[in-house]
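Trainee: Before I ask anything, let me first share the structure, which is written out below as structure tokens.
The values are calculated or read from the model by the stated rules, or taken from the named source; none is laboratory data. Being a predicted model, the structure only gives us computed values, none of them experimental. Note: ideal-geometry Cβ built from the backbone for every residue, glycine included; neighbour counts use all protein chains shown. Note: accessible area is taken over every heavy atom of the protein model, side chains too, but ligands, DNA and RNA are not part of it. Shrake-Rupley method; radii C 1.70, N 1.55, O 1.52, S 1.80 Å.
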Amino acid sequence: MTTRIYVPMDSSAEAMGAKKTAAAIVAEAEKRGEKIELVRNGSRGLYWLEPMVEVETPEGRVAYGPVTAKDVAGLFDAGLTKGGKHALSLGLTEEIPYLKKQERLTFARVGIIDPFSIEDYTKHEGFEGLKKALKLAPADIVKEVTDSGLRGRGGAAFPTGIKWNTVLGAQADQKYIVCNADEGDSGTFSDRMLMEGDPMCLIEGMTIAGLAVGATKGYIYCREEYPHSIRNLNKAIEICVKAGYLGKNILGSGKDFDLIVREGAGAYICGEETSLLESVEGNRGLVRFKPPLPALQGLFGKPTVINNVMSLGSVPIILARGGEFYKNYGMGRSRGTLPFQLTGNLKHGGLVEKAFGLTLRELLYDFGGGSASGRPIRAVQVGGPLGAYVPESQFDIPLDYEEYAKVGAMVGHGGLVVFDDTVDLAQMSRYAMEFCAIESCGKCTPCRIGSTRGVETIDKIIAGKERGKNIALLNSLCDTMLNGSLCALGGMAPYPVVSALKHFPEDFGIDKTAAA
Amino acid sequence: MTTTPTLSDQQKKSLDDILARLKDEPGPLFPILHAIQDELGWVPEETVPAIAKALNRSRAEIHGVITFYHHFRTHPVGKHMVQVCRAEACQSMGSVALECHVKESLGIDYHGTTADGQISLEAVYCLGNCALSPSIRVNDDIVGRVSKERFDEVIAELRSAQ
């Protein structure tokens, strides 16, 4: 009997040696005359256990991890192909608490299926959403998405249905769907995980978006730093076109949708939607003034839906199960689930998809297992390099867009970067300004000049030069950047700085009472 | 200043082929620049007039695009590209100390190439491997949980692979 064995091809799994593990398993099976079928799946997102090997058994999939190439012979001795016990055994994959406690909607298939198998994809509800959309009028597809309460998962949290409705209502000979896959924020990898582990999900989501607004062409703008994502997307697109799910006359419906992957070139600013459009058009990534909104005049001047990978990747399940189903997850105006990314100084870093409303403390300790260093967790940067540093006193605030905004923080895309008590928040603030200076597109003055002045002023504060005066200056500079910048880069780069000053003044050499 | 070597006949032919194949794509400049860099290893200044002519855009515009993006290189680089992540998640796991070790052990700073022409070094801001920080990228592969020792092993492997 042939045994199916899974070894992830996910970049992070490969960063820990998954390629070598896979090769060793094939070689060892051959040597022993055991018949196996090796599947290179996506990652389950339990990254501290990568490379995580799974074996299909009659009881379900059994996991082992982390498995390096040199563990492989020993695993075969222990009866790997039968799911035998070994020091690296993790038991049934679905029973691992980290996974079992999650609510996986967008990531329902990631790590489970072969990313290039239409059969696997359709067996796990794949293309159900598309089939439903093909039977609906465009306005009804948009309504389903509006009803789901889905908000832009890239960080800005703008209601997806409203954006789509604007494009639907626009009159033009050509409309576009553009996927923002320029996942440049530190502490995020969910886009990458989906593109590598379930690329057809994004393809399906974009095709549905095309049907909804009347767009026949889509672009995925993927960052250059993700070569494996680009490879997997291109391969999956080819497979979907051949199978009739993409391209001309989708599933015999008479509707067309073509998809093209565009590779970025290492500019953080191109994660900003208008800068991204400039980049696709072949220009410097300078941010555009708004209005006009991209929904009315976007790519090549045409009405364009531009959404993040997670937003578009959530669309298939919303269509398949209905907006009402999706809306039943979450709290307040934050509906559905968010794939939280647990990163940095954590024992159990990985992806946790849960409904909105849980707290940082649950993520850090129940899932994350505390810091990797074993030292106390002091600060967590939530929502990327432009997000606030959250102190322990705020670890119990529910993760909800509005609740976070109330304390000057943001949930953003749900990326968490964890720091232990050795962190120097003055240095991290300096880095935030430095990063902004390096990546600023240069179009508006508050961002272009302000970021450099920010670095200089923080340097003076750290050196103890006229500290009080320079802190006042820094606060004023942050205020100018916040209110005067053209886009979120300059407009939010002050968030980490202001939050660090507020919650960790001692790192700037001032006592807490002076900071207030 | 590095002097720009003249394009060889074969390089000129590659450039012509790339332009002929891609110039009619919508928004063709990015695919063209990527193709040139993939083929030649960098984007030589001498390619700019030909690109400008093919796309009916000014040389200044093409130059502006090339220099805006970190990825496009206007000079040749070493055989292997090593990028060290400087972003927050990696910093939380000691990447600042790793950066010092990398520069010291290779004997070069960012944007530099080792004297034997084997390794070029660049900074990068996030590789999407933040749960397994600190990270580096070697050509198209990511390496996670990079200690100083692990870094030295990776470099030794690269150098012995030739």
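Trainee: Which ones in region A:24-48 are within 14 Å of chain B (Cβ to nearest Cβ) and either of a type in the set (Gly, Ala, Ser) or at positive phi (or both)?
Mentor: A:Gly42, A:Ser43, A:Gly45
Trainee: Considering region A:262-302 alone, what residues qualify as being among the aliphatic types (A, V, I, L, M) and within 11 Å of chain B (Cβ to nearest Cβ)?
Mentor: Correct list: A:Ala265, A:Ala267, A:Ile269, A:Leu277, A:Val280, A:Leu286, A:Leu299.
Trainee: Of the residues A:Glu119, A:Glu144, A:Glu103, which single one is among the charged types (D, E, K, R), open to solvent by 50 Å² or more (accessible area, probe 1.4 Å) and without any contact (Cβ under 8 Å) to a residue 60 or more places away in the chain?
Mentor: The conditions single out A:Glu119.
Trainee: Going by what's in this entry, would B:Ala115 be described as open to solvent by 60 Å² or more (accessible area, probe 1.4 Å), of a type in the set (A, V, I, L, M, F, W, C) and more than 9 Å from chain A (Cβ to nearest Cβ)?
Mentor: Taking the combined requirement at face value, the residue satisfies it.
Trainee: Could you grab the pairs with beta carbons closer than 7 Å, sequence gap of 6+ or different chains, first residue in region A:500-516 and part of a helix (DSSP H, G or I) and surrounded by fewer than 20 Cβ atoms within 10 Å (Cβ to Cβ), second one at pLDDT below 95 and acidic (Asp, Glu)?
Mentor: Partner pairs satisfying both residue conditions: A:Pro505/A:Asp511.
Trainee: For region A:362-372, check the following and say yes or no: at least one residue is more than 29 Å from A:Pro494 (Cβ to Cβ), open to solvent by less than 50 Å² (accessible area, probe 1.4 Å) and not in a loop (DSSP other than H, G, I, E, B).
Mentor: yes
Matching residues to (1) more than 14 Å from every other protein chain (Cβ to nearest Cβ); (2) among the charged types (D, E, K, R); (3) open to solvent by 20 Å² or more (accessible area, probe 1.4 Å); (4) under 28 Å from A:Gly415 (Cβ atoms):
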position	(1), (2), (3), (4)
A:Ser148	yes, no, no, yes
A:Arg153	yes, yes, no, yes
A:Ala156	yes, no, yes, yes
A:Asp185	no, yes, yes, yes
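Trainee: Being charged (D, E, K, R) and either part of a loop (DSSP other than H, G, I, E, B) or crowded, with 24+ Cβ neighbours inside 10 Å (or both) is the filter here; which residues of region A:207-231 pass it?
Mentor: Residues satisfying the conditions are A:Arg223, A:Glu224, A:Glu225.
Trainee: If A:Thr160 satisfies every condition in (1) touching a residue at least 60 places away in the same chain (Cβ under 8 Å); (2) closer than 23 Å to B:Ile142 by Cβ; (3) among the β-branched types (Val, Ile, Thr) but one, which is the exception?
Mentor: (2)
Trainee: In the set B:Leu33, B:Leu22, B:Leu15, which member is under 22 Å from A:Leu277 (Cα atoms), in contact with a helix residue (DSSP H, G or I) (Cβ under 6 Å, 6 or more places away or on another chain) and not acidic (Asp, Glu)? So that I can check it myself, show each step before the final result.
Mentor: Numbers: B:Leu33 fails: in contact with a helix residue (DSSP H, G or I) (Cβ under 6 Å, 6 or more places away or on another chain); B:Leu15 fails: under 22 Å from A:Leu277 (Cα atoms).
Going through B:Leu33, B:Leu22, B:Leu15 in turn, the sole match is B:Leu22.
Trainee: Something else about it: In region A:397-431, which residues are over 16 Å from A:Lys502 (Cα atoms), touching a helix residue (DSSP H, G or I) at 6+ places or on another chain (Cβ under 8 Å) and not in a strand (DSSP E or B)?
Mentor: Across region A:397-431, the qualifying residues are A:Ile397, A:Leu399, A:Val411, A:His413, A:Gly414, A:Tyr431.
Trainee: Which residue is nearest to A:Thr304 (Cα to Cα), if the candidates are limited to region A:238-287 and must be hydroxyl-bearing (Ser, Thr, Tyr) and surrounded by 17 or more Cβ atoms within 10 Å (Cβ to Cβ)?
Mentor: Result: A:Thr274.
Trainee: Going through region B:74-92 one residue at a time, which ones are open to solvent by less than 50 Å² (accessible area, probe 1.4 Å) and out of contact with any strand residue (DSSP E or B) (no Cβ under 6 Å at 6 or more places or on another chain)?
Mentor: Within region B:74-92, B:Ala87, B:Cys90, B:Gln91 meet the criteria.
Trainee: With the condition kept exactly as written, say whether any residue in region A:374-386 is basic (Lys, Arg), outside the structural domain of A:Gly454 (by TED's automatic domain parsing), buried (at least 19 other Cβ atoms within 10 Å of the Cβ) and more than 24 Å from A:Asn308 (Cβ to Cβ).
Mentor: So far as region A:374-386 goes, yes, one or more of its residues are basic (Lys, Arg), outside the structural domain of A:Gly454 (by TED's automatic domain parsing), buried (at least 19 other Cβ atoms within 10 Å of the Cβ) and more than 24 Å from A:Asn308 (Cβ to Cβ).
Trainee: For the structure I just gave you, tell me whether A:Thr68 is of a type in the set (Val, Ile, Thr), open to solvent by 40 Å² or more (accessible area, probe 1.4 Å) and touching a residue at least 12 places away in the same chain (Cβ under 8 Å).
Mentor: Against the criterion (of a type in the set (Val, Ile, Thr), open to solvent by 40 Å² or more (accessible area, probe 1.4 Å) and touching a residue at least 12 places away in the same chain (Cβ under 8 Å)), A:Thr68 qualifies.
Trainee: Here is a further query. Any residue at all in region A:193-206 that's facing chain B (nearest Cβ under 9 Å), open to solvent by less than 10 Å² (accessible area, probe 1.4 Å) and over 12 Å from the mean Cα position of the chain (by Cα)?
Mentor: Looking for residues that are facing chain B (nearest Cβ under 9 Å), open to solvent by less than 10 Å² (accessible area, probe 1.4 Å) and over 12 Å from the mean Cα position of the chain (by Cα), one finds none in region A:193-206, hence no.
Trainee: Before we move on, is A:Val241 within 14 Å of chain B (Cβ to nearest Cβ) and on the phi < 0 side of the Ramachandran plot?
Mentor: no
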